[in-house]
Amino acid sequence: MTDSRDINIEVEEAVVPRMRRWPSYLAALIVFLLLVYLLRTVLLPFVAGMGVAYFLDPVCDRLEKWCCSRILATTLVTIAFVLIVVLGFLLVVPLLIDQLSAFITSLPELVERAHQRLLPLYESLRLRFDLPAVDDLGPLLRNRLGTVFGFITQALQGVVSGGAALANLLSLLFITPVVTFYLLRDWDIITARLDHLLPRDHAETIREQGRAIDTTLAGFIRGQATVCLVLGVFYAVSLMIVGLPFGLIIGMIAGLLTFIPYVGCLSGLVISMAIALASFDTWHGPVAVAAVFVVGQVVEGNFLTPKLVGDRVGLHPVWIIFALLAGGALFGFVGLLLAVPVAAAIGVLVRFGIGRYLSSPLYQGHDQVMVPEDVASAKIVAGTANEP
């Protein structure tokens, strides 16, 4: 019968050569991040095309099963996607531009009405809670708002740094469809070649983690995109029914920002309440606006997100917010596009690493051998209980 100490020695001897490879992996990762940083101004259409090709590849595969060639399926899918995007812009963008221009035009009047509406309310609260006088609020608000707007301006400058906003827009319009077409056409060939380049000793493990990343990424982004679309339509239609001025643009923006946890609802609520207080003569309008966002949050939290996204993706809201902020600060708009995929990949790899650590002699002790019950417990702690 093999002694447990001999088993641990064999495990350590097998782990040591793998640990020696980590410097090479780390160097490759550093070089890759450096290249992304240096080329961030020209990577936008390629990253966008890769993302579009990733989500349209299942459609091409389905068309191939219906006796279409790969080139024909790619052509049909690419043309349909471009037509849908162009039609969406032609229908929605003019309405949004009209509402935005009208909002900018009426902004001084809204501010004046909000001032007249809120001043008596603030005076009553000031006498009750010993708040600062209205004249003293000016410098205080200017200092606070100056800090906030300075941070927002710095973030926006990082996104559109180098005056490349127009170039990025043009590249998205003209280069992204071409990149999408060629990636869709050769997607299976590219993945097969990448699979052939995997180190043979770890090929199956890498494939398992790749499938886990694919499941996490597809489940989150596809599900979250549906949630954003549903909430955007709900907020826009509901705010227009309530009678809120500029309800269409506010609702669409709130829905689109829902992929950033809590940001969409809070930003939409704050802007809508400010406009409602300045626009409605009674309190029924602001109450109805608040009710719209409360209902939206209840529907999202109890029905849409559990059904369409689910908990299996394992992406915590705080982790997503951090990834978006870090990606935007480091790599601009390209970083925003890569933030969620990279966060999903890191989350899967971290859970995989925790599972390996919990089953290793480093955690178990040199004189311990993990039994099947310990393996199951380790998977639960690492969040990989449903993985093979």
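The values are calculated or read from the model by the stated rules, or taken from the named source; none is laboratory data. All values reported here derive from a predicted model rather than from experimental measurement. Here the Cβ is made from the backbone with ideal geometry for all residues, glycine too, and neighbour counts use every protein chain on show. Calculation scope for accessible area: heavy atoms of the full protein, side chains included, ligands and nucleic acids excluded. Shrake-Rupley method; radii C 1.70, N 1.55, O 1.52, S 1.80 Å.
Rank TRP66, TRP187 by accessible area, highest first, at a 1.4 Å probe radius?
TRP66, TRP187
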Scalar couplings 3J(HN,Hα) for segment 241-256 by Karplus 6.51 cos²θ - 1.76 cosθ + 1.60 (θ = phi - 60°), nearest whole Hz, x for Gly and Pro, are 5, 5, x, 6, x, 6, x, 5, 5, 5, x, 5, 5, 4, x, 5
Label-to-label distance, nm, for residues given as ASP195 and ARG356 (7 Å Cα→Cβ offset)
2.2 nm
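At a Förster radius of 30 Å, what calculated FRET efficiency corresponds to the Cβ-Cβ distance of TRP66 and GLU204, to the nearest 0.05?
It comes out at approximately 0.40.
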What figure in square angstrom, to the nearest 10, would you give for the accessible area of TYR363 with a 1.4 Å probe?
120 Å²
What is the extension gain from VAL93 to ASP281, computed as 0.36 nm multiplied by their sequence separation minus the C-alpha to C-alpha distance, in nm to one decimal?
64.6 nm
With a 1.4 Å probe and all protein chains kept in place, how do THR205, THR215, THR180 rank by accessible area, largest first?
THR215, THR205, THR180
Diffing segment 337-350: the Karplus 3J(HN,Hα) column from phi (6.51, -1.76, 1.60, θ = phi - 60°), in whole Hz with x for Gly and Pro, holds 5, 8, 4, 5, x, 5, 4, 5, 5, 5, x, 5, 5, 5
Show me, for segment 215-230, the HN-Hα J-couplings you get by feeding each phi into the Karplus relation (A = 6.51, B = -1.76, C = 1.60, θ = phi - 60°), rounded to Hz, glycine and proline as x.
4, 5, 5, 5, x, 6, 6, 5, x, 5, 4, 5, 4, 4, 5, 5
Determine the gain in length on full extension of the stretch VAL237-VAL270; use 0.36 nm per residue of separation and subtract their C-alpha separation, reporting nm with one decimal.
10.1 nm
In nm, spacing of pseudo-spin labels at GLN116 and TYR262 (7 Å Cα→C-beta vector)
3.7 nm
